[in-house]
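The values are calculated or read from the model by the stated rules, or taken from the named source; none is laboratory data. Just so we're clear, the structure is a prediction, and the values are computed from it rather than from any experiment. Reconstructed Cβ throughout: ideal geometry from the backbone, glycine too, with neighbour counts over all protein chains shown.
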Amino acid sequence: MDTLKPKDHAEAVALFRSEVVGALTRRELDHGELHHELRLLSQKRYRLPGSKLGRCFSVPTLERWYYRYKRGGLEALRPGPRSDRGRARELTEDQRQLLLDIRREHRAASVPLILRTLVAEGRLQRGAISAATVRRLYVDAGLDRIARRDGSSPKTRLRWQAERPGALWHADVCHGPPLVVGEKKLPVRIHGILDDASRYVVALQAMHQERELDMLHLMVRALRKHGSPDVLYLDNGSTYRGDILRLGCERLAITLLHAAPYDPEARGKMERFWRTLREGCLDHLGRQTSLEALQRHLDAFLAEHYHRAPHAALLG
């Protein structure tokens with residue numbers, strides 16, 4: 001006859017547990033004697049099936065095995081499946097959050113594409129997580145895949161991106177929290193210029209107004225530091241419609257483009273940056289009394305967080 005063996009690892013573990021506490025279940029124990037015997041067992045070292053290292057078990061664990069075995073025998077000692085099985089335990093919290101953020105930005109991207117990109121960028125170890133586990137993660141978060149539109153709707157949005165850094169810059173203005181100086185509240189307008197391909201913020205400045213002159217000061221700073229882009233993409237506000245800006249772009253061979261009126265979705269990348277800035281910085285500043293103090297917070301946010309963090313819109 002073949003040697004009788006446990007049919008699986010769970011049965012082997014159950015058999016091991018029964019060997020530890022089984023003898024106690026067949027003894028007549030006085031009041032308080034059970035706890036004493038369990039405490040003695042907790043001081044011994046045991047080697048689990050398949051393990052080369054010994055370990056001790058706590059009194060509550062041994063007591064739980066004891067009563068399970070008395071009620072249900074060997075079957076009751078089988079370990080149940082982990083509640084987080086298949087839920088990417090190997091991932092750090094930052095990696096898990098990055099996967100969720102990527103799905104929110106790319107609802108049509110396949111899981112294999114997301115994993116290949118993260119591995120290629122060094123964000124994940126190859127084989128660290130399976131595609132099936134990531135799919136379960138997305139389903140649990142209500143972020144299962146959404147197919148691209150078939151073009152039947154009146155307005156189809158297609159995701160696009162410049163082919164390289166410096167090819168296209170976005171510029172826009174965000175209304176920040178007002179400054180409180182004495183009894184006065186002064187308006188804050190945050191001017192920003194964003195590179196399309198890299199999402200790098202080439203310039204960010206807090207000012208009191210949003211005139212064309214203010215934008216031109218910021219633009220000159222960005223040009224001196226980074227050179228000129230091929231295209232400058234702006235909204236239709238008066239800040240970006242002046243003759244000086246148009247003439248300057250012509251002389252620098254920069255193509256000037258304006259988004260269609262009343263279509264904020266066309267400026268999605270810039271709107272997404274403003275949301276990130278609000279959630280990560282502006283909403284938590286408290287009372288500010290000068291543009292210089294506010295600017296220090298903006299510069300620190302860019303340097304310490306935004307430019308260091310993996311971008312979900314770029315698949316990490």
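Given the condition part of a strand (DSSP E or B) and more than 12 Å from Trp169 (Cβ to Cβ), answer yes or no: does some residue in region 230-252 qualify?
There is no residue in region 230-252 that is part of a strand (DSSP E or B) and more than 12 Å from Trp169 (Cβ to Cβ).
Filtering region 162-215 down to residues that are out of contact with any Lys or Arg (no Cβ under 8 Å at 6 or more places or on another chain) and basic (Lys, Arg), which residue is modelled with the highest pLDDT?
It comes out as Arg189.
Considering only region 179-194, state which residues are free of Cβ contacts under 8 Å to residues at least 60 places away in the same chain and loosely packed, with under 12 Cβ neighbours inside 10 Å.
Of everything in region 179-194, those that are free of Cβ contacts under 8 Å to residues at least 60 places away in the same chain and loosely packed, with under 12 Cβ neighbours inside 10 Å turn out to be Gly182, Glu183, Lys184, Lys185.
Does region 11-66 hold any residues that are without any contact (Cβ under 8 Å) to a residue 12 or more places away in the chain, outside any helix (DSSP H, G or I) and surrounded by 11 or more Cβ atoms within 10 Å (Cβ to Cβ), and which are they?
Hits for region 11-66 are Leu29, Arg47.
Can you name the residue in region 45-75 that is of a type in the set (Gly, Ala, Ser) and within 40 Å of the chain's Cα centre (by Cα) and is also nearest to Gly22 (Cα to Cα) among such residues?
Among them, the one singled out is Ser58.
Right, Phe301: touching a Lys or Arg at 6+ places or on another chain (Cβ under 9 Å) and touching a residue at least 24 places away in the same chain (Cβ under 8 Å) or not?
So Phe301 does not fit the description; no.
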